[in-house]
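Each remark here refers to the structure printed beneath this line.
The values are calculated or read from the model by the stated rules, or taken from the named source; none is laboratory data. Here the structure is a predicted model, which means the values were calculated and not measured. When we count neighbours, we look across all protein chains shown, and the Cβ atoms used for this are built from the backbone with ideal geometry, even at glycine. With ligands, DNA and RNA removed, areas are computed over all heavy atoms of the protein, side chains included. Shrake-Rupley method; radii C 1.70, N 1.55, O 1.52, S 1.80 Å.
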Amino acid sequence: MLRRVSKDLVARAASWEQPALLGRFMSSSASDDLMTVVAEKIPAEQERVKTFKKEHGSAVIGQVTVDQAIGGMRGIPGLYWETSLLDADEGIRFRGYSIPELQSSLPGAKQGGEPLPEGLLWLLFTGDIPTVAQVTSVTEMLRARSALPATVQAVLKAMPENTHPMTQFATAVMSLQPGSKFAAAYGKGVHKSTLWQYSLEDSLDLIAKLPGIAALIYRNTYKGGKLIDADPNLDWAGNLSHMMGYDSEGALEMMRLYQTIHADHEGGNVSAHATHLVGSALSDPYLSFTAGMTGLAGPLHGLANQEVLKWLGGVATELGPTPTKEQLTEFVWATLKSGKVVPGYGHAVLRKTDPRYTAQRAFAARHMPEDGLFKLVSMLYEVVPEVLKQTGKVKNPWPNVDAHSGVLLQHYGINEAEFYTVLFGVSRALGVLSQGVWSRALGLPIERPKSLTLDALRSTAAK
């Protein structure tokens, strides 16, 4: 059983059959140092963006309707975000790669295993599929930065016992802000062209510490404060599972998958946009990421997976553990007729089944085919979309990522639904902080869209 990540993984990987995709798009840099490779790529990317803006700066990329202005700015193309792109029919692509492509191309802790999030982090920062040696380098670098100052535990201990895990998470991140290298450098007046370096340092420091913060919150809140030390031989996501108290091979692999697929979902969602917005004011990564996490804590964003589990619990309570399709259909209609939505179904952008849902479903089919909750969710997959189609009011009747994530976590004993959004937040750091570094490297300006009163909208609409 190969669950550890160490330097001998490099030698073992040489004997593995490399997928064609990996062979075509292997990292173009010979260096194993992430910071070096990012620095190498910045000049060319700066020139690429500069040239594009010069040649096409006045091109019109879309129009804005009154419905969009009043309706949450849905679908307005007004934000540059390089690390991922969401297509309504295809789903998310990370630097051009779909989730199945990442699963076949990114190195794992074992042959045929789930991708290591460290590999995705390399891809998000550089645009390249990394080698095993480069992924191992990222694992070791994050491990070296992972120690938490004692003040984090002190701050958490000072909070009321009933404090929500996401409030604890945001507060713990903020408690690290006095150590910001970005804030210190800006205070010293460094040239703006070098700010990306300090943003990168802060981002890597923060990403490295997030598993420890999450595990600390989990053990304090649910396990009587009995902490578990990090395993010096485990990878970033594997250590998160280990420090929480879940060491089975399945739990480690599940956490690697979970942390990979939740990492980024382009820049318009609340957590990504909030992080970008606050970062555009040259707030340091600790401040900007905290802003994103307070958005993720909202019930319409990151807390949605809790709502799914509550609803599933209601299904099981009313219909028992093995309901028929007919019973489920009636229950879904009853939910809709009561003025509620079916949580975990539909998406602001997607018009097909979320590929993140599909990835989790495939994992469950391999690792937990007889799990009762998995069977229930699978049956709902056959029932809910058809009911939603019949209403004639739903643009996307298909499941999103939240419809399945709780199934995997509960199977391995992580039953505390209030904590799930913290795990989401740990993963989301990979995408939003990678983009934040590139925003500083490319000198993107402060974000300042125009707002209008209703009278101004009416006047504009009348023209």
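Computed values, structure above
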read-out	value
Segment 212-244, residues that are under 16 Å from Leu142 (Cα atoms), open to solvent by 10 Å² or more (accessible area, probe 1.4 Å), among the aliphatic types (A, V, I, L, M) and assigned to a loop (DSSP other than H, G, I, E, B)	Ala230
Matching residues, segment 310-334, being open to solvent by 100 Å² or more (accessible area, probe 1.4 Å) and part of a helix (DSSP H, G or I)	Lys310, Thr317, Glu318, Glu326, Glu330
Condition check for Arg366: of a type in the set (D, E, K, R), outside any loop (DSSP other than H, G, I, E, B), surrounded by 13 or more Cβ atoms within 10 Å (Cβ to Cβ) and at pLDDT 95 or above	no
Segment 335-361, residues that are open to solvent by 40 Å² or more (accessible area, probe 1.4 Å), aliphatic (A, V, I, L, M) and over 14 Å from Val387 (Cβ atoms)	Ala348, Val349
